[in-house]
Amino acid sequence: MGLHPIQLRQLIECLRQLPGESSVLEFGSGSSTGFLLKELAKQAPRSSLVSYDHSAAWAYQGMSPNLDLRLRPLTQWSTSNFDAMFRTGFDLSSSNQVSDAAATNMRLRNSFYMIEPDEIPPNVGLVVLDGPNGNGRSAAFPLLKPVLHTGALIFIDDLTSYDFESRLGMLYNYETVSKLTDSAIHPTFSFGLFRII
């Protein structure tokens, strides 16, 4: 698993557009984390990267003063509680921590990293939404609602695998920067890049 070169080129363009001292927020750490760090040094040296994952085995193993790697367990909501967050806001109290054994399931429903809203950095200029697997990564949208402002970019991997774009539209006004689906690359290859307006 990992991002395709087409996606990496798209991320380089995103980094070039970052204003000043922006934060890049990555959900799903790994080889893309090393790529983002290298490109941040070239394209946006005053910016920093905060990367989340639930697995120390999958997460990026390197070190950098511009990286804040945060390992957080997965949490899971019932379908009704998950849907409610798109009306009433992010709510960890309505979820339950996923066991280590269950966290190995690559298609958990309604599951996301256990993140307290107050730990999200300010000035988020780019969100890279590449984890966890499953529909639950949409929980990032209510989590980030207080900090994402006009101009922020959201890159979503596996865009057409779940209802990510419609969930985004429940909370944000956005414009589509680019979208690509290409079954020649992989039967489920898709991604989208959106700008908050």
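The values are calculated or read from the model by the stated rules, or taken from the named source; none is laboratory data. Model, not experiment: these values are computed from the prediction. Methodologically, a virtual Cβ is constructed for each residue, glycine included, from the backbone with ideal geometry; neighbour enumeration extends over all protein chains shown.
Table for the structure above
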| read-out | value |
| --- | --- |
| Candidate set from the range 43-74 (those that are in a strand (DSSP E or B) and of a type in the set (A, V, I, L, M, F, W, C)); member that is nearest to residue 9 (Cα to Cα) | 49 |
| Long-range neighbours under 9 Å by Cβ, at least six apart or interchain, first residue at positive phi within the range 112-125, second buried (at least 18 other Cβ atoms within 10 Å of the Cβ) | 123/22; 123/23; 123/47 |
| Candidate set: the range 1-36, residues that are of a type in the set (Ser, Thr, Tyr) and buried (at least 19 other Cβ atoms within 10 Å of the Cβ); chosen: the one nearest to the chain's Cα centre (by Cα) | 29 |
| Close pairs from the range 178-197: first at negative phi and β-branched (Val, Ile, Thr), partner surrounded by 11 or more Cβ atoms within 10 Å (Cβ to Cβ) and part of a strand (DSSP E or B), Cβ under 8 Å, at least 6 apart | 181/190; 196/153; 196/154; 196/174; 197/174 |
| Residue satisfying all of: in the range 95-115; out of contact with any Pro (no Cβ under 9 Å at 6 or more places or on another chain) and under 14 Å from residue 162 (Cα atoms); modelled with the lowest pLDDT among these | 107 |
| Residue within the range 128-139 that is without any contact (Cβ under 8 Å) to a residue 60 or more places away in the chain, surrounded by fewer than 16 Cβ atoms within 10 Å (Cβ to Cβ) and touching a helix residue (DSSP H, G or I) at 6+ places or on another chain (Cβ under 9 Å) present | no |
| Pairs, first touching a residue at least 60 places away in the same chain (Cβ under 8 Å) and of a type in the set (Val, Ile, Thr) in the range 46-64, second surrounded by fewer than 19 Cβ atoms within 10 Å (Cβ to Cβ) and not in a loop (DSSP other than H, G, I, E, B), C-beta under 8 Å, six or more apart | 50/68; 50/70 |
